[in-house]
Amino acid sequence: MTHVATEIASQPQCWRTAMALQPAGLPVAGERVAVVGCGTSLYMAQAYAVLREEAGLGETDAFAASEYPAHRRYDRLVAITRSGTTTEVLAALARARAAGIPTTALTGDLDTPVVTAADTVVDLSFADEKSVVQTRFASTGLVLLRTHLGLTPPDLARQAEAAVATELPSALLAARQFTFLGTGWTIGVAHEAALKLREAAGAWTESYPAMEYRHGPISVSAPGGVVWIFGEAPAGLPEQIAATGAEVWLGGIDPLADLVRAQRLAVALAEAQGLDPDQPRNLTRSIVLATP
């Protein structure tokens, strides 16, 4: 079994651990917060930002770490970084510190520069990974943040266990093109699902806010394609998708648990092509840029 398959299957237990944590340094109600990350971590940041702001707990913006606007004033910067070494994340933390903004980092490795770059570090090393492709670290970080907001369903880990154990439908395994859609916080989840299939299997995937599907992306949907909607589908959209001939996938479970199924699909598609999902083409565990 590949590392990533093992790590996907371990998510329910990681989530239970995260749901029991009460770490210091997470945003409090009323703080104006920026959340940064790269790749998968960015998409988790986007999901958290929407969840926190929609809960009325404070203005929350998510940025790719390289795009963090140091000229804006925030009460806290939260950085999500599995490796603790990503150049853009460390640079964003340094800019925030120079501006006197308190910083918190969620990381999977305490023996890295992020430990001194952030004021407070949340230890998620129990969810660190051997695979280049991120799965359990990112989802566990979002579960932790979601739980801190009081928005994690008590049975989330059980739903994830079912997502791990349930056989993937043949229509998903046979598809040639995938479009992932979300609404609100699940837009970040949709982006992450698409990224997983691109990374592990080199699949043709796209992702959009669900209401944007009609504004152009519907043109690529056809027989042999799948349109996967995370969370509740906008009224009338499944019917419009079905009219294109594409397969409509409505998970019917919590969107994070449904993401587990998308992760499993990415591994299955990779293995069907003889690819190693632990070592995707052109990718490394962390992007560390040379100092000019």
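The values are calculated or read from the model by the stated rules, or taken from the named source; none is laboratory data. Computed from a predicted model, the values in this text were never measured in an experiment. No Cβ is skipped: glycine too gets one built from the backbone with ideal geometry, and neighbour counts run over all protein chains shown. Accessible surface is based on the protein model in full, side chains and every heavy atom, while ligands, DNA and RNA are left aside. Shrake-Rupley method; radii C 1.70, N 1.55, O 1.52, S 1.80 Å.
For this structure, a couple of remarks:
- Qualifying residue in the range 172-187 (condition: touching a residue at least 40 places away in the same chain (Cβ under 8 Å), part of a helix (DSSP H, G or I) and crowded, with 24+ Cβ neighbours inside 10 Å): yes
- The range 125-142 - residue that is in contact with a Ser or Thr (Cβ under 6 Å, 6 or more places away or on another chain) and aliphatic (A, V, I, L, M) and, of those, surrounded by the most Cβ atoms within 10 Å (Cβ to Cβ): A138
- Residues in the range 15-54 that are farther than 24 Å from Q134 by Cα and open to solvent by 50 Å² or more (accessible area, probe 1.4 Å): A24, V28, A29, G30, R32, E53, E54.
- Summed over the range 19-49, the residues that are in a helix (DSSP H, G or I) and under 27 Å from Q279 (Cα atoms) give a count of 8.
- For the range 157-171, a tally of residues being more than 26 Å from Y213 (Cβ to Cβ) and surrounded by 20 or more Cβ atoms within 10 Å (Cβ to Cβ) returns 2.
- Count of the range 79-103 residues, restricted to those that are in a helix (DSSP H, G or I), open to solvent by 10 Å² or more (accessible area, probe 1.4 Å) and not basic (K, R), is 6.
- Conditions (1) within 30 Å of L90 (Cα to Cα); (2) in a loop (DSSP other than H, G, I, E, B); (3) acidic (D, E); number of the one not met by E232: (1)
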